[in-house]
Amino acid sequence: MTPSDVKATLSFSDGSASMDLPIYKGTIGPDVIDIRKLYAQTGKFTYDPGFLSTSSCNSTITYIDGDKGELLYRGYPIEQLAVNCDYLDTCYLLLYGDLPNESQRQDFHARVTNHTMVNEQMQFFLRGFRRDAHPMAIMTGLVGALSAFYHDSTDINNPQHREIAAIRLIAKMPTLVAMAYKYSAGQPYMYPKNDLSYAGNFMRMMFATPCEDYKVNPVIERALDRIFILHADHEQNASTSTVRLCGSSGTNPFAAIAAGVACLWGPAHGGANEACLNMLEEIQANGGVAKVGEFMEKVKDKNSGVKLMGFGHRVYKNYDPRAKLMRETCHEVLNELGLQNDPLFKLAMELEKIALEDDYFVARKLYPNVDFYSGIVQRAIGIPVQLFTAIFALARTVGWIAQLNEMIADPEYKIGRPRQLYVGAAQRDVKPLSER
Ligand code: SDX
């Protein structure tokens, strides 16, 4: 952080002492006003529910420019990573700060590959769930349960423990997500195969059975790998902030990541891809493109509570760069599978066209986000809608871990403990029951 020459001066109209607040500059992006001494010097807190104007940390991992619609992982534009790298290269980049050379790449791929199996006991956790349990309920349980198996790597302050926990989590998430799917389908689990790519291995664990193996289609494999890259990290979003706050208590990495899984589940966050596809299917069932106008009127009517899922973003006030890349992937996958005329894709493009011209969306700078097209791609691949968010969690695990490790390695970090504006009852005495 570079101290700015400019200071912020806080003054009060009631004559209370004013206060100078230091300002820091980052490499790129908005400066920050350091309010760490505010309460001690003024007895006042700041107030920012939803953290619209609050930076919770300094970070070197991901940068988003919401106005320009730019996303950088460790300074590399997402558009270049999506074309020139694979997901495990991206994991290496997010964890260690730069892209691997050939030997580092081979070593990292080998280490992840050699940790893809889960302890045989893990399968017995699934038996406790109903077959129709939501995969995110299962994943929240399974990821937290991992901490019961790896006592050798639960000390988050030990760099070696953080390293092996990162490898285990990245390696095992596909296996766990595939197990959650197989459990709901009533099919036997498929073990990972070490001669497949990360995405190919996941697809085989999902779609192969003991009776019939699964031939990985390279176009689909590449599309899924790109979905993983696009979802890998995204600055201080709700689930990443949850992981940081959870990890700040010193809990083990598996528990902190399980907290991130739970937060991502929400429809305003990672659950939006499932909600978006359900929305498209509902419009399709009610008349399709012909009914889009009627649906959009509902979305614009505040009282309806209806939102255009997959649209809008706290940070992006321009097109989410990931949505553009996801739309390209959509075309590739649908063409490969002969689904060019997929009605839902056509419906999504019609919705996007109308929204981008409609003043309600233009005035609020609401554009498609990563979730708008990702559901269509995953559905075309044969992934059940309820599994979309679990796949988002699979991909985001590396971002959560990188952010958690960055926080723990920061000598300045403390346990997160926000304050409040108390608007409840003033102190009062308990009356005897007979007087209540
Ligand atoms: C992800 O933070 C991240 O980085 C998240 C993520 C990541 O990679 O981690 O990018 C992943 O979560 C993407 C977002 C997925 N969510 C959805 O697609 C759900 C639909 N979108 C909305 O719920 C909403 O846009 C949010 C939650 C994403 C952002 O909400 P904000 O920033 O709190 O904005 P807001 O709700 O205050 O909206 C501003 C205005 C409001 O109208 P007014 O009160 O000003 O009249 O825009 C409206 C909102 O009602 N609005 C929408 C809308 N999104 C916002 N109206 C209709 N449809 C929408 N989708």
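The values are calculated or read from the model by the stated rules, or taken from the named source; none is laboratory data. All values reported here derive from a predicted model rather than from experimental measurement. All Cβ positions, even for glycine, are placed from backbone atoms using ideal geometry, and neighbour counts span all protein chains on display. Ligands, DNA and RNA are excluded from the accessible area calculation, which covers all protein heavy atoms including side chains. Shrake-Rupley method; radii C 1.70, N 1.55, O 1.52, S 1.80 Å.
Tabulated results
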quantity	calculated
3J(HN,Hα) from dihedral phi, region 319-336, Karplus parametrisation 6.51/-1.76/1.60, rounded to Hz, x for glycine, proline	4, 4, x, 6, 5, 4, 5, 5, 5, 4, 4, 4, 4, 4, 5, 5, 5, 4
Trypsin sites (Lys or Arg not before Pro) lying in DSSP loop within region 9-77, provided at most 16 other Cβ fall within 10 Å	Arg36, Lys37, Lys44, Lys68
Accessible surface, per residue, of the chain when the full set of protein chains is kept, probe 1.4 Å, Å²	49 Å²
Exceeding the 29 Å Cα-Cα cut-off - candidates Lys44/Lys414; Lys182/Lys346; Lys7/Lys68; Lys182/Lys215; Lys68/Lys172	Lys182/Lys346; Lys68/Lys172
Contact order normalised by residue count of the chain, Cα under 8 Å, 6+ apart, percent	19 percent
About the Cα centre, charge dipole magnitude for the chain (Lys/Arg +1, Asp/Glu -1 at Cβ), debye	1140 debye
Percent accessible area from carbon and sulfur atoms, region 33-119, protein chains only, probe 1.4 Å	50 percent
Table column - 3J(HN,Hα) (Hz), region 101-111, Karplus curve with 6.51, -1.76, 1.60, x for Gly and Pro	7, 4, 6, 5, 5, 5, 5, 5, 4, 5, 5
Sulfur and carbon atoms: percent of accessible area, region 131-214 [1.4 Å]	51 percent
Computed [θ] at 222 nm, helices only, for the chain once each DSSP H run of length n ≥ 4 contributes -39500 (n - 2.57)	-15000 deg cm²/dmol
Choice from Leu52, Leu224, Leu264 with maximal GNM fluctuation in the chain (Cα, 10 Å cutoff)	Leu52
Qualifying lysines (Cα of each under 26 Å from Cα of Lys302; at least 8 residues distant if same chain)	Lys291, Lys317, Lys353, Lys365
Selection of chymotrypsin sites (Phe, Trp or Tyr not before Pro), region 19-109, meeting DSSP coil and at most 16 other Cβ within 10 Å	Phe45, Tyr47
Shape call, region 297-406: gyration tensor on alpha carbons, a/c limit 1.5	oblate
Cα-based shape type of region 195-341, given that a ≥ b ≥ c are square roots of the gyration tensor eigenvalues and the cut on a/c is 1.5	oblate
The chain: angle of helix 371-381 to the longest principal axis, Cα-based, in degrees nearest 10	20 degrees
Tensor-based shape of region 63-179 (alpha-carbon gyration tensor, a/c under 1.5 rounded, otherwise prolate or oblate)	prolate
Table column - 3J(HN,Hα) (Hz), region 203-215, Karplus curve with 6.51, -1.76, 1.60, x for Gly and Pro	5, 5, 5, 7, 10, 7, 10, x, 8, 8, 6, 10, 8
Carbon + sulfur, % of accessible area of region 335-436 - ligands and nucleic acids excluded, 1.4 Å	52 percent
Region 276-352, relative contact order in percent, only Cα pairs under 8 angstrom and at least six apart counted	43 percent
Chymotrypsin sites (Phe, Trp or Tyr not before Pro) restricted to DSSP loop in region 325-422 with at most 16 other C-beta within 10 Å	Tyr413, Tyr422
The chain: angle of helix 218-230 to the longest principal axis, Cα-based, in degrees nearest 10	10 degrees
Residues with amide H under 5 Å from that of Leu10, placed H, sequence gap 5 or more	Met19, Asp20, Leu21
